[in-house]
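A short worksheet on the structure shown next.
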Ligand code: SPD
């Protein structure tokens, strides 16, 4: 966590072409290391992170040993200079799919853990915070959502949450890696139960292709539950992808997109908000939640609406507490409530300073 906000501030100054502490003008084209992944193209950045367990501990990003047996961390450009470790009780599964390396292990503090290419995707203990927020922030912000698309989300957790919404008639999901679905089915039944909902239509394939062929205005809501933008998910932070999403949404439809950490990725957040302000003509906000097993312990959501009936994201028009059976459908809600919904839009002042586009974000109290 050390130096997170400071590094972000440095990113902003570099982006703005400001001066460094010696008074030298910085080249505007320099991309800060914490944000390189959004433009990853050279060989070093294309290097994949692989999961390793050393002396009974899993570390993210992965680690390796040098010839002398000294443990070294990969300096992953997403999270330079830091690593998070979990004590491993049991390795349950490790295989390579066509797209990525999949690891499932049981740890001593968060239950079972799903890891893709060395990066924690979820743990049994804290997955509720992510899946409930990424789903109900958009779906509770519109009246009677009927058609929903999930991009990614092969573990099924987001589907489980969408199922609470009785107004929904169709849930399309486009997941590129079938092995993630199968592994979740075997090791994470509390998430993969989401696939049992008869409203779910599964599409295995590339989301960009899927969206290219999606009828214009088909969806009330789209939820992008991707992995980080390295490897198979890299295209999912690009302008063309957001344009396709905006096209597939009906007027006044909503997008909720995983948007990394405000402590580590202000440059990427700035880029995403800037693209979405141009692409989505309704409103564009940033919300966040606490997920202790993700880098820096938080994760953000980019939440946007297309031009049309205005959407007030901060004061949900469709409160979960008013939807019959929603609080207990399949299992009790563990994290989300209307109170948590409003609180998720309160942004710390350093973030508003570093991402000036967020300065005019309304605060929940006003
Ligand atoms: N840094 C990890 C971000 C993972 C986001 N996707 C999680 C998938 C859970 N359904």
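Laid out as a table, the results:
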quantity: Full-stretch length increase - residue 109, residue 360 - with 0.36 nm per residue and alpha-carbon distance subtracted; calculated: 86.4 nm
quantity: Cα Rg over Rh - region 95-221, Kirkwood; calculated: 0.97
quantity: In nm, spacing of pseudo-spin labels at residue 146 and residue 216 (7 Å Cα→C-beta vector); calculated: 1.9 nm
quantity: Principal axis dimensions, region 295-366 - Cα atoms, whole angstrom, descending; calculated: 41, 36, 22
quantity: Ratio Rg/Rh, restricted to region 237-366 and using Cα atoms, in which Rh is the Kirkwood radius; calculated: 0.97
quantity: Per-selection metrics, region 185-245 (Cα): Rg and Dmax in Å; calculated: 13.6, 37
quantity: Whole-percent pair-distance distribution, where bins are 10 Å wide, for the alpha carbons of region 111-159; calculated: 22, 50, 22, 6
quantity: Where labels lie 7 Å past Cα in the beta-carbon direction, separation of residue 352 and residue 182 in nm; calculated: 5.0 nm
quantity: For region 208-313, the spread of Cα positions along each principal axis, largest first, Å; calculated: 37, 31, 20
quantity: At R0 = 22 Å, FRET efficiency that the Cβ-Cβ distance of residue 274 and residue 169 yields, to 0.05; calculated: 0.05
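No lab work stands behind these numbers, since they all come straight from the coordinates. Since we're looking at a predicted model, the values are computed, not measured. Backbone-built Cβ (ideal geometry, glycine too); neighbour counts: all protein chains shown.
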